[in-house]
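One structure below.
The values are calculated or read from the model by the stated rules, or taken from the named source; none is laboratory data. Source: prediction; values computed, not measured. Cβ sites come from the backbone with ideal geometry, for glycine too, and all protein chains shown count toward neighbours. We work out accessible area using only protein heavy atoms, side chains counted, and drop any ligands, DNA or RNA first. Shrake-Rupley method; radii C 1.70, N 1.55, O 1.52, S 1.80 Å.
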Amino acid sequence: MQLTLEFGGGLELLCNSVKIHEINVDPQAEEEKLTMKHLLPWIRTNLIKERPEMFMKGDSVRPGVLVLVNDCDWELSGQLDTVLEEKDVVVFISTLHGG
């Protein structure tokens, strides 16, 4: 499944300063559909190059990371249970900034 992932608000620094990633990822064998629950560990393993704890806490993103799926807040679509479809755009934005 082809997806576009975008990282902003400083999260791109965890991915070698690359903001936009065109990826291909398939659901796990026992799953029929790809969900955010499967995508997040895939991102941690394949895209995050340093300090994965700045992106994820447990099985989800850290507090302060806004997640949009096709410009819709993932909290409205089920968070980890959000089902992804071909050519979806998933955006991760850190809302935490130093001062």
Computed over the chain: longest principal axis from alpha-carbon atoms vs helix 36-46 long axis, angle to nearest 10 degrees, is 60 degrees
Estimated FRET transfer efficiency when R0 is 30 angstrom, pair A29-L96 (beta carbons, to 0.05): 0.25
The chain: relative contact order as a whole-number percent, Cα under 8 Å and 6+ apart: 39 percent
Taking a point 7 angstrom from the Cα of M1 along the C-beta vector, which residues in region 74-88 have backbone N less than 13 Å away? 80-88
Beta bridge orientation in the chain: antiparallel %, DSSP, nearest 5: 75 percent
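Counting only protein heavy atoms and using a 1.4 Å probe, what share of the accessible area of the chain belongs to carbon plus sulfur, as a whole percent? The partial results should precede the final answer.
On the way: 2810 of 5900 Å².
In the chain, the share of accessible area belonging to carbon and sulfur is 48 percent.
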Built amide H within the under 5 Å cut-off of F55, gap 5+: none
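Just from its helices, what would the mean residue ellipticity at 222 nm be for the chain, if runs of 4 or more DSSP H residues each count -39500 (n - 2.57) and the sum is divided by every residue, rounded to the nearest 500 deg cm²/dmol?
-3500 deg cm²/dmol
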Mean Cβ-within-10 Å packing, highest first, puts peptides 12-18, 47-53 in the order 12-18, 47-53
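Is the chain best put as rounded, prolate or oblate by its Cα gyration tensor, with a ≥ b ≥ c the root eigenvalues, rounded for a/c under 1.5, and otherwise prolate when a/b is larger than b/c, oblate when not?
Details: a/c = 1.60, a/b = 1.43, b/c = 1.12.
It is prolate, given that a/c is not under 1.5 and a/b is the larger ratio.
Quick check: from the Cα gyration tensor, does region 1-57 come out rounded (a/c under 1.5), prolate or oblate? Walk me through the numbers on the way to the answer.
On the way: a/c = 2.55, a/b = 1.67, b/c = 1.53.
Cα axes put region 1-57 in the prolate bin.
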